[in-house]
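Engineer: Sending over a structure as structure tokens; questions will come in a sec.
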């Protein structure tokens with residue numbers, strides 16, 4: 001019997017990150033997010049937009065289910081907010 005292939009789907013997870021003591025631009029947010037993502041997180045693409053209050057982030061993740069994509073986004077954001085460039089930043093409300 002041939003092994004079954006695990007199906008993966010693309011999920012789009014949106015988050016709002018509230019600014020702390022540092023100011024970064026959208027390019028820095030994207031670069032940091034790619035830098036902290038692990039292969040098992042399934043991060044394919046990131047869109048980020050910054051404003052005076054923080055950043056909106058859209059993560060495109062490959063996962064087998066929505067719960068897996070949400071868990072990957074949580075892991076990535078936890079690692080992201082541990083970076084010294086984002087000192088004091090925190091997760092806000094998800095984007096609408």
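What follows draws every value from the coordinates through simple rules; no lab data is involved. Bear in mind that the values here come from a model prediction, so they are computed numbers and not experimental data. In this analysis, Cβ positions are derived from the backbone assuming ideal geometry, glycine residues included, and neighbour counts consider all displayed protein chains.
Engineer: Would you mind estimating how fast the chain diffuses translationally, via Stokes-Einstein at 25 °C and 0.890 mPa s with the Kirkwood radius over Cα pairs, in µm²/s?
Structural biologist: The estimated diffusion coefficient comes to 179 µm²/s.
Engineer: Next question, about the same structure. How high is the relative contact order of the chain, in percent, with contacts defined as C-alpha pairs under 8 Å that are six or more residues apart?
Structural biologist: Reported relative contact order: 42 percent.
Engineer: Residue 47 to residue 10: extension gain in nm, 0.36 nm per residue of separation minus the Cα-Cα distance?
Structural biologist: That pair, residue 47 and residue 10, stretches by 11.9 nm at full extension.
Engineer: Here's another thing I want to ask about it. Calculate how steeply helix 66-81 sits against the longest principal axis of the alpha-carbon atoms of the chain, using the helix alpha-carbon long axis, and give the answer as 0 to 90 degrees to the nearest 10.
Structural biologist: Tilt of helix 66-81: around 30 degrees.
Engineer: With a point put 7 Å past each Cα toward its Cβ, work out how far residue 26 is from residue 84 in nm, to one decimal.
Structural biologist: With each label placed 7 Å out from Cα toward Cβ, I get 2.8 nm.
Engineer: Run the helix sum for the chain: -39,500 (n - 2.57) per DSSP H stretch of 4+ residues, divided by residue count, reported at 222 nm to the nearest 500 deg cm²/dmol.
Structural biologist: Per the formula, -9000 deg cm²/dmol.
Engineer: Treating the angle as unsigned and between 0 and 90°, give the value, to the nearest 10°, between the Cα long axis of helix 26-36 and the longest Cα principal axis of the chain.
Structural biologist: 50
Engineer: What residue among 69, 37, 82 has the largest mean-square fluctuation in a Gaussian network model of the chain, using Cα springs under 10 Å?
Structural biologist: Between 69, 37, 82, it is 82 that shows the largest mean-square fluctuation.
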